[in-house]
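**Student:** Take this structure, written in structure tokens, and hold onto it; I'll ask about it next.
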Amino acid sequence: MGVTVSLQNVSKVIKGKKIIDDLSFDVYSGEIFGFLGPNGAGKTTTIRMIVGLMKLTEGDVFICGESVNKNFEKAISNIGAIVENPELYKYLSGYDNLKHFARMSKGVTKERIDEVIELVGLKERIKDKVKTYSLGMRQRLGLAQALLHKPKVLILDEPTNGLDPQGIREIRDYMKRLSREEGMTVIVSSHLLSEMEMMCDRFGIIQNGKLVDIQSVHDTESSIEKAIHIKVEPIQQAMQIIQSSFEGCTVEIVENEIHVTVEESLVPKIVKELVLQDCLIYGVENVAVSLEEKFLQITGNGGQIQ
Amino acid sequence: MNLVANEWMKLFKRVSTYIMLAFVVIIVIGVGSIIKYSEVKYSEDASVNWEVQMKENLVFSKQELESIKDDKDMATYRETLERNIAIDEYRLEHNIPPSDAEDKNVWLFLNDMVGVIDFLSIFTIIVAAGIVANEFSNGTIKLLLIRPVSRVKILVSKYISVMLFSALLVGLAFILSFIVGVLLFGFGDVGPELLYRDGTVVEMNRLTYAMLYFSLSSVGLIMLTTMAFMISTAFRNSSLAIGISIFLLLMGSTFTALLSLVFDGVKYILFANLDLMGYITGNQVFDFDGGSLTFSLVILAVYFVLFHIIAFLFFTKRDVAA
């Protein structure tokens with residue numbers, strides 16, 4: 001897997017305040033990279049610097065090997081992006097909007113425009129003015145303009161903002177398809193953790209302009225430790241059974257459930273032991289340590305803006 | 001260029017653009033009709049008598065000129081008198097009646113319609129003020145700038161589009177005035193336009209004169225439109241750009257006239273140099289020392305370049321936030 005987007009010691013100072021502080025990370029082709037952080041952490045600023053809307057105070061961004069500082073036009077030709085909301089020309093039709101942006105890139109044919117329209121499923125309404133579109137349709141049109149020139153990197157800033165569950169799902173499916181089938185790099189920013197968990201391969205967490213951590217989503221899924229909630233009676237007896245039979249695991253009673261954190265392979269053994277000891281099991285719930293908890297751990301109490 | 005085609009498309013998919021064009025049509029036809037129905041025909045003997053009247057005036061003007069010959073404060077007036085005398089003598093000699101002895105014709109109508117250019121300025125200022133600022137206020141600038149096209153090219157394409165639109169408006173007004181003028185008043189049986197240059201009288205074809213008059217009067221339009229473009233780019237605010245530019249359009253020459261009473265630097269002010277037609281006819285609104293066509297052109301060029309430098313610096317250097 002080649003590196004498609006590479007941030008190297010990127011800093012941004014606005015009015016003497018360091019908004020982004022020495023940010024470096026690489027994103028590879030064919031992966032969906034989530035860019036996570038509380039509001040005001042610098043997600044949008046970073047994305048604006050990658051796409052050249054803001055100048056870098058220090059450092060450089062390389063897109064497919066081309067420097068954004070030195071060779072902007074070459075670098076940006078590999079990028080398709082929606083920055084925040086897809087704000088298109090409302091008084092133009094969807095088709096005219098696409099034609100407008102197609103003229104600004106090299107080699108976008110009429111056939112390609114039709115192909116993209118087909119892809120995002122806007123064929124029926126493409127001749128209508130954008131002001132008559134719903135937010136979901138605008139989002140689709142935004143995606144269409146980002147894909148016109150077959151970019152290697154797709155950047156979406158808060159792509160699911162304001163969309164209904166169906167729209168969110170559509171966006172997610174498109175992104176997955178593009179990264180799997182066309183080997184496109186997708187960079188998504190969001191503060192919605194559950195969203196990121198569902199679509200990203202890796203995510204970087206940013207707080208106060210600094211990169212706090214980069215993690216792979218699959219790490220969390222295959223983690224050996226599992227949190228289990230067991231609803232059982234009598235609860236005290238069950239507690240003792242677990243503590244005596246399975247040493248080394250943490251057990252506690254929360255309300256009328258037992259919360260256990262153990263290796264996954266031990267889960268059936270615990271259940272079997274409880275049944276054999278005549279405990280009545282009403283439910284066993286598998287609680288994955290969610291990204292949210294991880295996120296809150298990492299950013300520390302929800303990430304205060306300082 | 002594709003970018004200009006884009007700007008043109010954005011311009012002509014808007015209702016407001018068509019309203020502007022419709023206004024031009026209505027104004028030209030409207031003014032034409034009003035002039036037509038309030039027209040006073042010169043009686044037969046009046047058009048014969050212009051010679052008698054002119055001869056009387058000449059005698060008076062020459063006496064006047066003699067009386068102020070050595071008065072240094074009256075230099076401007078003396079020049080005007082000399083010019084009038086020269087032209088009048090030329091008319092008598094070649095039997096070319098003055099325009100106020102002509103029946104209304106298309107050429108006189110075209111000269112009347114030059115005033116419409118100030119009105120067109122309002123439209124071109126609105127377009128120039130919107131073309132950059134609206135991209136910012138609609139947020140579309142973000143999608144516009146993340147293309148493999150440099151910011152300079154984008155701004156140039158926008159400016160070219162504004163200028164093309166201005167040319168379209170002025171051209172439309174001219175052609176329409178010509179057609180309306182011919183239909184309502186006819187060509188008339190007229191002689192050439194007379195200009196006074198460097199002490200001699202020069203004849204000029206009436207059509208050439210009208211076209212020259214229109215294009216030179218558009219210089220003000222171009223300068224103010226460029227200024228609106230600059231303000232719009234620098235402040236990203238179309239109302240501010242429209243406000244300032246229209247204010248200066250209406251008040252600029254008045255202010256300049258007032259300022260000229262108190263200090264000399266006034267000749268470096270933009271508005272003192274807009275009347276290029278004055279250099280052609282020899283009849284200046286602002287007459288200052290060292291004023292010449294070259295001087296005014298240099299001043300205008302300096303302002304023009306300055307406006308563009310400011311616009312381009314702001315557009316290429318500034319970050320696009322929020």
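The values are calculated or read from the model by the stated rules, or taken from the named source; none is laboratory data. Keep in mind that this is a model prediction, so the values were computed, not measured. Neighbour counts are summed over all protein chains in view; Cβ atoms, including those assigned to glycine, are modelled from backbone coordinates with ideal geometry.
**Student:** Within the stretch A:75-100, work out how many residues are more than 7 Å from chain B (Cβ to nearest Cβ) and not in a loop (DSSP other than H, G, I, E, B).
**Tutor:** Total meeting the criteria: 9.
**Student:** Among the numbered conditions (1) within 22 Å of A:Y133 (Cβ to Cβ); (2) away from every other protein chain (no Cβ under 12 Å); (3) in a loop (DSSP other than H, G, I, E, B), tell me where A:G30 comes up short.
**Tutor:** For A:G30, the exception is condition (1).
**Student:** Yes or no: the stretch A:12-23 includes at least one residue that is in contact with a Phe, Trp or Tyr (Cβ under 9 Å, 6 or more places away or on another chain), away from chain B (no Cβ under 12 Å) and without any contact (Cβ under 8 Å) to a residue 60 or more places away in the chain.
**Tutor:** Scanning the stretch A:12-23 turns up no residue that is in contact with a Phe, Trp or Tyr (Cβ under 9 Å, 6 or more places away or on another chain), away from chain B (no Cβ under 12 Å) and without any contact (Cβ under 8 Å) to a residue 60 or more places away in the chain.
**Student:** Which one is farthest from A:Q139 (Cα to Cα), of the residues in the stretch A:51-72 that are within 7 Å of chain B (Cβ to nearest Cβ) and touching a strand residue (DSSP E or B) at 6+ places or on another chain (Cβ under 9 Å)?
**Tutor:** A:K55
**Student:** Looking at this structure, is A:E73 under 20 Å from A:G2 (Cβ atoms) and surrounded by fewer than 24 Cβ atoms within 10 Å (Cβ to Cβ)?
**Tutor:** no
**Student:** Which of (1) surrounded by fewer than 21 Cβ atoms within 10 Å (Cβ to Cβ); (2) over 22 Å from the mean Cα position of the chain (by Cα); (3) away from every other protein chain (no Cβ under 14 Å) is the odd one out, the single condition B:V152 does not satisfy?
**Tutor:** (3)
**Student:** I need the full set of residues from the stretch B:244-297 which are modelled with pLDDT of 75 or more, crowded, with 18+ Cβ neighbours inside 10 Å and outside any helix (DSSP H, G or I), in order please.
**Tutor:** Within the stretch B:244-297, B:I269, B:L274, B:D275, B:L276 meet the criteria.
**Student:** Go through the stretch A:180-194 and count every residue that is under 13 Å from the mean Cα position of the chain (by Cα) and surrounded by 13 or more Cβ atoms within 10 Å (Cβ to Cβ).
**Tutor:** Number satisfying all stated conditions: 9.
**Student:** When both residues are 6+ apart or on different chains and their Cβ atoms are under 7 Å apart, which pairs have a first residue that lies in the stretch B:299-319 and is among the β-branched types (V, I, T), and a second that is loosely packed, with under 13 Cβ neighbours inside 10 Å?
**Tutor:** Close Cβ pairs satisfying both conditions: B:T316/B:V152.
**Student:** Output the residue which, of all residues in the stretch B:194-231 that are touching a residue at least 24 places away in the same chain (Cβ under 8 Å) and among the charged types (D, E, K, R), is farthest from B:I122 (Cα to Cα).
**Tutor:** The qualifying residue farthest from B:I122 (Cα to Cα) is B:R197.
**Student:** Right, next: What residue, among those in the stretch B:119-139 that are within 18 Å of B:S238 (Cα to Cα) and surrounded by fewer than 21 Cβ atoms within 10 Å (Cβ to Cβ), is farthest from the other protein chains (Cβ to nearest Cβ)?
**Tutor:** B:I122
**Student:** Would you mind telling me which numbered condition in (1) away from every other protein chain (no Cβ under 14 Å); (2) closer than 16 Å to A:F33 by Cβ; (3) of a type in the set (V, I, T) A:V153 fails?
**Tutor:** Here A:V153 meets the rest and fails (1).
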